[in-house]
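The values are calculated or read from the model by the stated rules, or taken from the named source; none is laboratory data. The structure displayed is predicted, hence computed values, not measured ones. Virtual Cβ from ideal backbone geometry, glycine too; neighbours counted across all protein chains shown.
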């Protein structure tokens, strides 16, 4: 039985895809009588173990895994509030059995919302699991409907998000539905508390967002970027040899069956956005059509594999960025930096020694409530990566600035995003083409005012 002196403990294992999070979690569970809670959005879906990168059954050592393969392929990915409610219920069940709950997964907005008391993630205190069917029906509506409703109740947040960012739009609307308060107001209160911690600006009933829910040890399994990129490429190759294309066919057959039944499917959300599915659709279509040469098919297959590798590498970068900026700053604000460790898994042959053994020692000291080492002392990579790359300014309304480029049909929601866009190769190429058309056209139509402003601004810079 785990040591439960003081507040009951939780171990959270985070990190980019392909770093060995699941292996470490199983090793911890084996030694410390633990059970594992999945914190990966795609792994909530049943079946498709290769596309969703589920740990094979024979590698789980008989350790119970919760919230894994628990929703159908036709269901939407859980909202943050839904995940937190279900995960809290599982944590209570695990503790009731006298065992250690271990959270592991790469959907770090799930992880962060579970770790911290946050009025943006919670319904009134409850540990009853929430099913998708219990959510307000409007949350299942198309993204444009959600955005229109959000604009009615919280125009600040509606302008904050990109019109295609369904998850964030849905989340902001869910907050209003759950709490009756605007997410923009809650964000502002949290920012004020962080900047003036001695002043009580928390309204009655609001939770202190900077506090950890429970005594938590966070283990970040990482690797040097070049090493990780090569490892991820090799993993995609392995996925293909293990039967990735069979799962693509399975998912496509499921899609075709639903369409044949007269259903509509939004392929921009849910299981359909899993990396390794959409990248192979052109190849699969050519196979089914049957009029492509072997050389053409091989070219399409190679392109699909490369797209999957590129998508996986980009996803890993986004995961690391979230940890370094959002999670790192949140842990710092909570005064919990001493319980946040990075384990350097760059040297794969020494992974057991560098990651597993050190991780187990940290868990042992954590459970016994002994003094933990300085997080930056574990490795040079830890010293580098545990320093936040920049402050988390996502909740600062004064930095939100929505602009739309009519030339590229691109929307930016911050000044920094806008600066990146107008200085991008894509935008400059589009502007160059626009100028040429304007000069060569004998029957020129007037530009839209916004496009004319961009045109003139870019011309000055050039």
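Figure legend. Inter-residue proximity from region 95-109: first residues in the same structural domain as residue 23 (by TED's automatic domain parsing) and on the phi > 0 side of the Ramachandran plot, second residues surrounded by fewer than 24 Cβ atoms within 10 Å (Cβ to Cβ) and at pLDDT 95 or above, beta-carbon distance below 7 Å, spacing 6+ or different chains. Indicated pairs: 105/40. Can you find even one residue in region 14-27 that is at positive phi and outside any loop (DSSP other than H, G, I, E, B)? Yes, some residue in region 14-27 is at positive phi and outside any loop (DSSP other than H, G, I, E, B).
Given the criterion modelled with pLDDT of 75 or more, in the same structural domain as residue 78 (by TED's automatic domain parsing), over 21 Å from residue 269 (Cα atoms) and surrounded by 16 or more Cβ atoms within 10 Å (Cβ to Cβ), identify the matching residue among 168, 149, 182. Break it down stepwise before answering.
Values: 168 fails: over 21 Å from residue 269 (Cα atoms); 149 fails: over 21 Å from residue 269 (Cα atoms).
Every option except 182 fails the conditions.
Quick one: is residue 251 in contact with a helix residue (DSSP H, G or I) (Cβ under 6 Å, 6 or more places away or on another chain) and surrounded by 19 or more Cβ atoms within 10 Å (Cβ to Cβ)? For residue 251, the condition - in contact with a helix residue (DSSP H, G or I) (Cβ under 6 Å, 6 or more places away or on another chain) and surrounded by 19 or more Cβ atoms within 10 Å (Cβ to Cβ) - is not met. None of 259, 271 is touching a helix residue (DSSP H, G or I) at 6+ places or on another chain (Cβ under 8 Å) and under 25 Å from residue 142 (Cα atoms) except 271. Given the residues 234, 285, which is the only one that is modelled with pLDDT of 90 or more, more than 26 Å from the chain's Cα centre (by Cα), outside any loop (DSSP other than H, G, I, E, B) and over 30 Å from residue 91 (Cβ atoms)? Answer to the check: 285. Against the criterion of being closer than 24 Å to residue 242 by Cα and touching a helix residue (DSSP H, G or I) at 6+ places or on another chain (Cβ under 9 Å), residue 68 qualifies. Scan region 19-72 for residues that are closer than 15 Å to residue 270 by Cβ, in contact (Cβ under 8 Å) with a residue 60 or more places away in the chain and within 19 Å of the chain's Cα centre (by Cα) and the total you get is 8. In the set 81, 47, 106, only one residue is under 29 Å from residue 328 (Cβ atoms) and outside any helix (DSSP H, G or I); that residue is 106. Does residue 140 satisfy the criteria of being modelled with pLDDT of 90 or more and either farther than 30 Å from residue 23 by Cα or surrounded by fewer than 18 Cβ atoms within 10 Å (Cβ to Cβ) (or both)? Judged against the criteria, residue 140 is not a match.
When the test is whether a residue is touching a residue at least 24 places away in the same chain (Cβ under 8 Å), in contact with a helix residue (DSSP H, G or I) (Cβ under 7 Å, 6 or more places away or on another chain) and in the same structural domain as residue 141 (by TED's automatic domain parsing), residue 218 passes it. Here 267, 308 are screened, and the one residue that is outside any helix (DSSP H, G or I), in the same structural domain as residue 241 (by TED's automatic domain parsing) and under 28 Å from the mean Cα position of the chain (by Cα) is 267.
Of all residues in region 339-363, those satisfying the criterion of being in a helix (DSSP H, G or I) and either touching a residue at least 60 places away in the same chain (Cβ under 8 Å) or within 24 Å of the chain's Cα centre (by Cα) (or both) are 339, 348, 351, 355, 356, 359, 360, 362, 363.
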